[in-house]
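Asks: Okay, handing you the structure first.
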Amino acid sequence: MAAEAGEVTLGKEALDDGRRGALPIDPDRDTGESVEIRRDPRRHRTAQRSILLVIGCAGAVGALARYAVALLLPTPAGHFPWSTFWINITGSLVIGVVLVLLAERFPRARIARPLVVTGFLGAYTTFSTYMVDADLLFRGHDITTGVIYALSSLIAGAAAVFAGIVFARFVIRLDHRLNEQLS
Amino acid sequence: MGVLVVLVVAVGGFVGAPTRFLVDRFVADRAEADFPLGTFLINISGAFLLGLLTGLDIAGHMPQLVKDLVGVGFCGAYTTFSTWSFETVRLLEEGEVLEALFNAFGSLAVGLVAAGGGIALGLVH
C-alpha cells in the first residue's frame, strides 16, 4: 500500500509537472485505468463495467446513508435544513482528506477513488436537494433562512474541503517525519 | 422505514452515481477547458429534475415511491455537493480565482433558477 518516497508529491509542484500524485480539479473524471488497459478495447470494456459496478454499489450505500441521516434529523417546512447541511459539510471534509491521501500517499489504490469519492461521497452529498430546499424556503417567504442556507452551505462546504486537505497534508508530513526518525 | 423504501433508494443511488460518472466524462471529453463543466451541468440538470418532481408532489401528482426512487435515490446520487466544493477549492488553489467564483456562485444561481423553474413547471401540471 505504501508509496515509495519518490512518488510522494506535495502541493503545487506536484501539479506543475503533471506527475501522478497531483490533485485533480474534477475528481469524478479519472477512471484510474492504466494506459495499457485503455489502449486494449476488450480489457478497457471489462474495466469500465467493473468501475461502473463499483460506483453503482457505493452510490447505493451513499444514497441510503443520506436517507438515514435525513430520517434522524427531520427538517420541518420553513426551517433551516440541518440534515442536508451536515451531510454536505461532512462529505466535503471527507472528500478533501481522501483525495489528498489517494493522490499523495496511496496513488496505487485505484479502486478507492470510484468507490469512496465518485460512488459513496458523490451519492451521499447532494446538490439537487440543497437547491430545491433553498427554493422552497424562498417560496414560503422564509427569505432570510433561504439566503443563509444557500450561502452558509457554499462557504462551509469549501472551508470543509480546505480543512480536509490541510489536515491530510499535515498527517502525511507527520508520517514522513516519523518514518525518517524510525528508520 | 420499510424494506421497500430502502430498496428503492438503493436502486436510485445505484443508477444515479454511475450516470454522473458517465455524463461527467462525456462532457469532459468534449470540453478541453480546466473548468469542471461536467459537474456543473450534472448539478443543474439534477436540480431541475428534482424541482419538477417536487412541484408535481406539491400539486399532489406524485406517488411516495416515485419520490423516493427518483428524488431521494437518483437525483440525490446523480448530483453532488462534495465534488462541487472540492473543485471550487482546487480552482482557488490553482490561482484560477474567476473560474472558482463562477463555479461556486454560478452553480448556485443557475441551480436555484433551474430548481425553481422545475417546481413552477411541476405545479402547472
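The values are calculated or read from the model by the stated rules, or taken from the named source; none is laboratory data. All values derive from a computational prediction rather than experimental measurement. All Cβ positions, even for glycine, are placed from backbone atoms using ideal geometry, and neighbour counts span all protein chains on display. All accessible areas refer to the heavy atoms of the entire protein, side chains included, with ligands and DNA or RNA removed. Shrake-Rupley method; radii C 1.70, N 1.55, O 1.52, S 1.80 Å.
Asks: Hand me the list of helices (runs of 4 or more DSSP H) wholly inside the range B:69-125 holding 3 or more residues that are facing chain A (nearest Cβ under 7 Å), under 18 Å from the mean Cα position of the chain (by Cα) and closer than 26 Å to A:Tyr67 by Cα.
Replies: So the answer is B:82-93, B:107-124.
Asks: Let me ask something else about it. Under the condition of being aromatic (Phe, Trp, Tyr) and in a helix (DSSP H, G or I), which residue from the range B:26-57 is least open to solvent (accessible area, probe 1.4 Å)?
Replies: So, considering only residues that are aromatic (Phe, Trp, Tyr) and in a helix (DSSP H, G or I), the one least open to solvent (accessible area, probe 1.4 Å) is B:Phe40.
Asks: Right, next: Looking for whichever is of a type outside the set (D, E, K, R) and closer than 18 Å to A:Ala123 by Cα here; the options are A:Ile95, A:Ile37, A:Ile25. Which one fits?
Replies: Only one candidate qualifies: A:Ile95.
Asks: Restricting the search to the range A:106-115, which residues are more than 10 Å from chain B (Cβ to nearest Cβ) and assigned to a helix (DSSP H, G or I)?
Replies: A:Ala112, A:Arg113, A:Leu115
Asks: Return a yes/no flag: does the range A:13-27 have any residue that is modelled with pLDDT under 75 and aliphatic (A, V, I, L, M).
Replies: Scanning the range A:13-27, I find at least one residue that is modelled with pLDDT under 75 and aliphatic (A, V, I, L, M), so the answer is yes.
Asks: Could I ask something else about it? For the range B:111-125, what are the residues that are small (Gly, Ala, Ser) and in contact with an Asp or Glu (Cβ under 8 Å, 6 or more places away or on another chain)?
Replies: B:Ala115, B:Gly116, B:Gly122
Asks: Another question, then. Out of A:Thr129, A:Thr118, report the one residue that is of a type in the set (S, T, N, Q), open to solvent by less than 30 Å² (accessible area, probe 1.4 Å) and facing another protein chain (nearest Cβ under 10 Å).
Replies: Checking each option against the conditions leaves just A:Thr118.
Asks: When the residues of the range B:5-25 are narrowed to those that are within 16 Å of A:Arg49 (Cα to Cα) and open to solvent by 50 Å² or more (accessible area, probe 1.4 Å), which ends up nearest to the other protein chains (Cβ to nearest Cβ)?
Replies: Checking each candidate, the answer is B:Phe14.
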